[in-house]
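*Asks:* Quick one: the structure is below, questions incoming.
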Amino acid sequence: MAPSVPGKTAKRSIVFVDNDRFFLEALTDFLGEKGFVVYTAQDGLEALSLIREVMPDYILLDIVIPKIDGGRVCAAVREDDRLRHIPIIAFSGLSPQDYHLFPGLKADAYVAKGPLTTAVENVLQVIRRFEDGGRNSAEGQVLGYENFRPRQIVNE
């Protein structure tokens, strides 16, 4: 985590989990430009280890990822007393109707993988809501699914 500097606001941190290199790099750059410290993982096992090490302010979590899917990562975070307070934003190309396939998925908000600028703005909108009103302020919010064409679920 970034050290706190006297007289300055500490940077907020995000663990971003995605095995899509394009989204991983692009969103990391955009979020970094917005003042976040971004830590990245490309699979569920790496994500859990990183989340436990970093204790981030937010988790941005793809659902269909290798080794352990995002639903199981989410469930593990929610079961850990040290982590359960961290807001989780599901970031996926799945349609909301497919989330039932991941029973452990208990994210605080859901953002569609869509056009990059729209996806970034939707992620930032959810984070602003968390910051303005706490974790429950964006509870169940679903953004970016207008004119959405879901991706096919594949094993990764």
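The values are calculated or read from the model by the stated rules, or taken from the named source; none is laboratory data. Every value quoted in this text rests on a predicted model; they were computed, and no experiment measured them. Glycine also receives a Cβ, built like all others from the backbone with ideal geometry; neighbour counts cover every protein chain displayed. Surface areas here come from the heavy atoms of the whole protein model, side chains and all, with no ligands, DNA or RNA. Shrake-Rupley method; radii C 1.70, N 1.55, O 1.52, S 1.80 Å.
*Asks:* Being modelled with pLDDT under 90 and either part of a strand (DSSP E or B) or among the hydrophobic types (A, V, I, L, M, F, W, C) (or both) narrows it down to one residue among 111, 15; which is it?
*Replies:* Checking each option against the conditions leaves just 111.
*Asks:* Something else about it: Report yes if some residue within the stretch 89-96 is more than 25 Å from residue 133 (Cα to Cα), modelled with pLDDT under 90, among the small types (Gly, Ala, Ser) and open to solvent by less than 30 Å² (accessible area, probe 1.4 Å); otherwise report no.
*Replies:* Here is the first cut: in the stretch 89-96, the residues more than 25 Å from residue 133 (Cα to Cα) are 93-95.
Add one more test, that the residue is modelled with pLDDT under 90, and what stays is 93-95.
Now narrow it down to the ones that are among the small types (Gly, Ala, Ser): 93, 95.
With open to solvent by less than 30 Å² (accessible area, probe 1.4 Å) added as a condition, the list becomes 93, 95.
Among the residues of the stretch 89-96, at least one is more than 25 Å from residue 133 (Cα to Cα), modelled with pLDDT under 90, among the small types (Gly, Ala, Ser) and open to solvent by less than 30 Å² (accessible area, probe 1.4 Å), which makes the answer yes.
*Asks:* Next up: Mind listing whichever residues of the stretch 75-87 are surrounded by fewer than 23 Cβ atoms within 10 Å (Cβ to Cβ) and not aliphatic (A, V, I, L, M)?
*Replies:* Across the stretch 75-87, the qualifying residues are 78, 79, 80, 81, 82, 84, 85.
*Asks:* On to the next question. State all residues of the stretch 30-48 that are of a type outside the set (A, V, I, L, M), open to solvent by 30 Å² or more (accessible area, probe 1.4 Å) and within 15 Å of the chain's Cα centre (by Cα); if no residue qualifies, say none.
*Replies:* Hits for the stretch 30-48 are 30, 32, 39, 40, 42, 46.
*Asks:* Give the stretch 40-63 a look and list any residue that's free of Cβ contacts under 8 Å to residues at least 40 places away in the same chain, within 26 Å of residue 125 (Cβ to Cβ) and among the hydrophobic types (A, V, I, L, M, F, W, C), or say none.
*Replies:* Answer for the stretch 40-63, where residues must be free of Cβ contacts under 8 Å to residues at least 40 places away in the same chain, within 26 Å of residue 125 (Cβ to Cβ) and among the hydrophobic types (A, V, I, L, M, F, W, C): 41, 47, 50, 51.
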